[in-house]
1. If each of residue 17 and residue 57 carries a label point 7 Å out from its Cα toward its Cβ, how far apart are those two points in nm?
2. Can you list the residues, at least 5 places off or on another chain, whose amide H is less than 5 Å from the amide H of residue 88, using H built in the peptide plane?
3. Quick one: longest stretch of the chain between exposed loop trypsin sites (Lys or Arg not before Pro), exposed meaning at most 14 other C-beta atoms within 10 Å and loop per DSSP?
4. In degrees from 0 to 90, rounded to the nearest 10, what is the angle of the helix 112-140 Cα long axis to the longest principal axis of the chain?
5. To the nearest whole percent, what portion of all C-alpha pairs in the chain is separated by more than 22 angstrom?
6. For the chain, with a Gaussian network of springs between Cα atoms less than 10 Å apart, report the residue from 45, 59, 92 with the top mean-square fluctuation.
7. What FRET efficiency comes out for the pair residue 117/residue 97, r = Cβ-Cβ distance, R0 = 25 Å, nearest 0.05?
8. Per-residue ellipticity at 222 nm for the chain, helices alone: DSSP H runs ≥ 4 residues times -39500 (n - 2.57), over residue total, nearest 500 deg cm²/dmol?
Amino acid sequence: MVDGLEKLRARFRALPRAVQEAATQTLEQNANEIVAMMKRLVPKDSGRLAASIGWTWGDAPEGTLAVGTVAKSSDSKLRITIYAGGKTAGGDAFYARFQEFGTENMLASPFFYPSIRANRTKGRARLSRNVRKAAEKAFNG
């Protein structure tokens, strides 16, 4: 048998776990940055809408504005959803989409999409970099 083959196999076995941990931590960091920016940009009349902004693994709470998710497939365990609106401790913030897109009688005050757009490139680069570093570290020991 080849010298070091078992060591090589062990490194390959450690690779998926290391990559998943790096991806999980990076996705959480990216989501926290987007949520923080959304909370800075949202109009704060009563504070309910700002309080309703958050992120979760999997599906968004019912009644919230969730524009999209970050996942490779619908059954992916690494799926983050950023949301706004819905029920909060301070009351109902159903009007998130009215603030974001406006109505016939109200101008839009976008906070959701600008935050996502502003962080998209940086977040993708960070994810790619951290996953690559984790893979290199797991493989090289």
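Please treat every number below as a calculation from the coordinates, not as lab data. Model, not experiment: these values are computed from the prediction. Cβ: placed from backbone, ideal geometry, glycine included. Neighbour counts: every protein chain shown.
1. Rounded to a tenth, the inter-label distance reads 1.6 nm.
2. Answer set, sorted by chain and number: 93.
3. Working: sites that count: 44, 72, 77.
That would be 78-141.
4. For helix 112-140, the angle is close to 10 degrees.
5. On the way: 4781 of 9870 pairs.
For the chain, the fraction of Cα-Cα distances above 22 Å is 48 percent.
6. Per the Cα network of the chain with a 10 Å cutoff, 45 tops the list.
7. Values: r = 17 Å, r/R0 = 0.69.
My answer for the efficiency is 0.90.
8. On the way: 4 runs with 77 residues, N = 141.
The helix contribution divided over the chain gives -18500 deg cm²/dmol.
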